[in-house]
Amino acid sequence: SDLCGEVAALVAKLTGLERVAFVNSGTEAIMTAVRLARAATHRDKIVLFEGSYHGHFDGVLCRPQGGGKSIPVAPGVPKTIADDVVVLP
């Protein structure tokens, strides 16, 4: 939209934030947040909360298995993704 830049500048001014990003969905926002958090911390693991919705991309489609381990919630999600996800109660 032609208004995105103008709206971003207004939101930045209102909130004091240096950068504003617009996304199409909550899933897209979570994907970006996970990527930014990993880049900022230089860590791969993320923490999710059981029973909460974190979007529908592979990187967050995990459930607790017990013993601090996680497993994918559905077929088609690679098992290795769960290695970097901790699901807390």
- Task: Please report, in debye to the nearest 20, how large the charge dipole of region 1-87 is about its Cα centre when each Lys and Arg carries +1 at its beta carbon and each Asp and Glu carries -1 there.
- Result: 300 debye
- Query: What percentage of the solvent-accessible surface of region 3-89, computed with a 1.4 Å probe over protein heavy atoms, is contributed by carbon and sulfur atoms?
  - Reply: 60 percent
- Query: Mean residue ellipticity at 222 nm from the helices of the chain, using -39,500 (n - 2.57) per DSSP H segment of n ≥ 4 over the full residue count, to the nearest 500 deg cm²/dmol?
  - Reply: -10000 deg cm²/dmol
- Query: Computed over the Cα atoms, what is the radius of gyration of region 39-89 divided by 2.2 N^0.38 Å, N being its residue count?
  - Reply: 1.06
- Message: List the trypsin sites (Lys or Arg not before Pro) within the chain that DSSP assigns to loop and that have no more than 12 neighbouring Cβ atoms inside 10 Å.
- Response: ARG19, ARG43, LYS45
- Message: Using the Cα atoms of the chain, I'd like the radius of gyration and the largest Cα-Cα distance, Dmax, both in angstrom.
- Response: 16.2, 51
- Whose amide H sits under 5 Å from the amide H of VAL87, counting only residues 5 or more places off or on another chain, with H placed in the peptide plane? LEU48
- Query: What are the aspartates and glutamates whose alpha-carbon lies under 14 Å from the alpha-carbon of LYS69, with same-chain residues fewer than 8 places away excluded?
  - Reply: GLU50, ASP83, ASP84
- Message: Can you give me the long-range amide H partners of CYS62? Hydrogens built in the peptide plane at 1.01 Å from N, cutoff under 5 Å, separation of 5 or more residues or another chain.
- Response: VAL73
- Write out the chymotrypsin sites (Phe, Trp or Tyr not before Pro) in region 44-81 meeting two conditions: DSSP loop, and at most 15 other Cβ atoms within 10 Å of their Cβ. TYR53, PHE57
- Just for the chain, what percent of DSSP beta bridges are antiparallel, to the closest 5? 50 percent
- Item | Listed residue (PHE22, GLY68, HIS42) projecting farthest to the positive dipole end of region 1-69, Cβ model | GLY68
- Please give the contour-minus-distance gain from HIS56 to VAL11: 0.36 nm per residue of separation, less the Cα-Cα distance, rounded to one decimal in nm. 13.5 nm
- Find the accessible area per residue for the chain; the probe is 1.4 Å, ligands and nucleic acids are left out, and the unit is Å². 75 Å²
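The values are calculated or read from the model by the stated rules, or taken from the named source; none is laboratory data. Note that the coordinates shown come from a computational prediction; the quantities given were computed from them, not determined experimentally. Ideal geometry is used to build each Cβ from the backbone, glycine not excepted, and the neighbour counts take in all protein chains shown. When the accessible area is computed, the model is the full protein with side chains, heavy atoms only, and any ligands, DNA or RNA have been set aside. Shrake-Rupley method; radii C 1.70, N 1.55, O 1.52, S 1.80 Å.
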